[in-house]
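Laboratory data are not the source of any read-out in this text; all were calculated from the coordinates shown. On a predicted model such as this, the values are computed, not experimentally measured, just so you know. Cβ: placed from backbone, ideal geometry, glycine included. Neighbour counts: every protein chain shown.
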Amino acid sequence: MAYDSSTDMQTITDSAAILQIQNSLKALDRTSGTPPTNLVDYNDTRFELFSFTRVMDAASGAVTYNLASIAKTPKAILFFGGVDSATGNFFFISGATTSLAGYVSSISAAIVWTIGTSALNIVESASLSQSAVLTSFAAGQFTLTWTRNGVTSAGTATVKCLVFV
Amino acid sequence: MEKIGRVCILKSNGKLIEFQSGNAGLGILTQNAINGGYNKEDIEEKYVNDEEWNVIYEKQIKEPAVKNAENKEKLRKQKEQKVKQYLNFTDEQWEELKEALRD
């Protein structure tokens, strides 16, 4: 091993030490083994920031979201948003696949945190909301199937999300 | 200016139906609106730049939300005042009660 003070680096010349490092790096590389089933493959994963709106009185149904110029299929999505910070309604949601989706939401007056199975839940009041499940991923797209719970009416929600593609 | 997103609006009054960020091709928002019950002839999908989107956001999303929040707060204060009068509490007693309920 040789130390170069000008770069503050060690140069390893010993072949056994190099082999040991190579094996350690290989162990860290999940592609060399079988990853757990719920592990999203991180190799070549990119991140896309995306935003959309949802009118609170919109009818139930499927809505497709087109990512900007990316033909890859999303792997997981993290959603943030609300009707507006001024209303006090907000929510924090994460969704991966339909089965792994979940959300945490808060109603301003009650400040009650709820954990559910929907990918999104935009709460207007205890009995009024727009909820959605993540129904599919496709090349450059994802689809949310929305359910209007009760006669929602208050404004338009803005959702920001981090899409792993 | 750079396109930052796409909007679908009602042709008759400019009401926002949906916004999606990014410069992906047009068509998806129109299809979403049709699926949601709108007639194709009544809607328009187009690209927006930052300035155009900010105008829509301020007028159609933020302003109504702020008004809604103000109305809710006004109603809450009216209800609070009514209960305070009914209980015949002083300001200090009322604040103590609120604090106790919060804890």
Requested in this report: Quickly run through the range A:124-165 and pick out the residues that are part of a loop (DSSP other than H, G, I, E, B), more than 10 Å from chain B (Cβ to nearest Cβ) and under 17 Å from B:GLY36 (Cβ atoms).
Outcome: A:VAL151, A:THR152
**Report entry** Cross-chain or 6+ apart pairs with Cβ under 8 Å, the range B:18-37 first and facing chain A (nearest Cβ under 7 Å) and crowded, with 19+ Cβ neighbours inside 10 Å, then among the aromatic types (Phe, Trp, Tyr) and not in a strand (DSSP E or B)
**Finding:** B:PHE19/B:TRP53
Query raised in the report: Can B:PHE89 be described as surrounded by 12 or more Cβ atoms within 10 Å (Cβ to Cβ) and without any contact (Cβ under 8 Å) to a residue 24 or more places away in the chain?
Result: yes
Query raised in the report: When residues of the range B:1-17 are filtered for being over 21 Å from A:CYS161 (Cβ atoms) and surrounded by fewer than 21 Cβ atoms within 10 Å (Cβ to Cβ), how many remain?
Result: 7
Report task. Taking the options B:LYS15, B:LYS67, B:LYS59, B:LYS72, name whichever one is among the basic types (Lys, Arg), at the interface with another protein chain (Cβ under 8 Å from one of its Cβ atoms) and under 18 Å from A:GLY155 (Cβ atoms). Result -> B:LYS72
Report summary line: Okay, strands (runs of 3 or more DSSP E) sitting entirely in the range B:1-57 with 3 or more residues that are over 19 Å from the mean Cα position of the chain (by Cα) and closer than 17 Å to A:TYR65 by Cα, I get B:43-49
Requested in this report: Give just the number: which of (1) more than 25 Å from A:VAL83 (Cβ to Cβ); (2) assigned to a helix (DSSP H, G or I) does B:ASN68 not satisfy?
Outcome: (1)
Requested in this report: Hey, can you tell me all the residues within the range A:45-59 that are at the interface with chain B (Cβ under 8 Å from one of its Cβ atoms) and basic (Lys, Arg)?
Outcome: A:ARG54
